[in-house]
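The block underneath contains the structure these notes are about, expressed in structure tokens.
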Amino acid sequence: MDPQGRVSYPDLPTGTPLGVGLGEPFDSVELELDEGSVLALYTDGLIETRDHDIEEGMHRLGTALAQPDRTLDDLCDIATRTLPDQAPCDDVTLLLVRTRSLNPSRVVTWALPRDRSAVRHARRLAAHQLTQWGLEGLADATRLIVSELVTDAVRHGTGPIELRLVRHRVLTCEVSDTAAFIPRPHRARTTDENGRGLFLVTNLSRRWGARSTSGGKVVWAEQELPHTSERQPVAA
């Protein structure tokens with residue numbers, strides 16, 4: 001739904017249902033959305049019943065969401081209230097996201113060399129940027145997170161490596177490379193020298209994950225921001 005309330009249904013590639021299969025990468029598609037657009041992700045249970053086909057359900061959902069001045073909570077309530085009285089054929093899930101743009105001073109990106117010097121270089125860049133943002137209290141944890149993610153990219157990834165920090169409601173650290181392989185934690189034995197990096201990232205971050213891109217993957221980790229960090233950031 002665009003900021004004027006016009007609803008469209010983009011043509012998306014068909015993939016394996018989430019949670020099914022062996023983690024094969026999904027086909028991706030890029031969409032350019034205006035700021036203030038609402039993206040709705042939903043399951044069949046929201047739009048399909050035994051007595052009504054999917055097309056009718058999609059039209060019903062689109063009509064319910066075509067109210068750009070409403071909050072996302074209101075839109076979710078309205079959309080679920082439009083369900084027929086009969087029990088749905090499947091689980092009902094609706095996720096709404098409204099697009100916002102970030103001030104350029106809240107995002108910084110660096111290209112890293114593809115060798116062991118990248119880890120030391122990335123730590124130094126991240127620590128300096130946190131000082132610019134007034135987030136020195138997160139420097140130690142961020143240096144360790146950056147070290148582990150960049151080390152994995154150097155050892156197991158391919159192609160160029162990129163480090164990005166995003167300061168919004170949380171501090172997000174992203175490391176990208178051109179390999180499609182998605183990293184997973186491995187339980188290291190006491191005698192193993194390696195294999196503990198992602199467990200360290202798990203303990204230091206609010207949450208972490210990975211996403212496939214058209215050119216490879218991005219591994220990311222989030223940290224909570226201190227309450228005092230909402231002062232005006234300094235441009236990098």
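Quick rundown of the values:
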| item | result |
| --- | --- |
| Cross-chain or 6+ apart pairs with Cβ under 7 Å, the range 119-132 first and under 15 Å from Leu225 (Cα atoms) and modelled with pLDDT of 95 or more, then β-branched (Val, Ile, Thr) and not in a helix (DSSP H, G or I) | Gln129/Val108; Gln132/Val234 |
| Filter result for Ser147 (surrounded by 15 or more Cβ atoms within 10 Å (Cβ to Cβ) and at pLDDT 80 or above) | yes |
| Any hit, the range 160-176, residues being modelled with pLDDT of 95 or more, among the acidic types (Asp, Glu) and open to solvent by 50 Å² or more (accessible area, probe 1.4 Å) | yes |
| Selection count where residues are open to solvent by 50 Å² or more (accessible area, probe 1.4 Å) and modelled with pLDDT of 80 or more, scope the range 182-211 | 9 |
| Residue list for the range 47-72, filter: touching a Gly at 6+ places or on another chain (Cβ under 8 Å) and over 19 Å from Gln4 (Cβ atoms) | Ile47, Glu48, Thr49 |
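The values are calculated or read from the model by the stated rules, or taken from the named source; none is laboratory data. Given the structure is predicted, the values throughout are model-derived calculations rather than measurements. Note that we place each Cβ from the backbone using ideal geometry, even for glycine, and neighbour counts take in every protein chain shown. Surface areas here come from the heavy atoms of the whole protein model, side chains and all, with no ligands, DNA or RNA. Shrake-Rupley method; radii C 1.70, N 1.55, O 1.52, S 1.80 Å.
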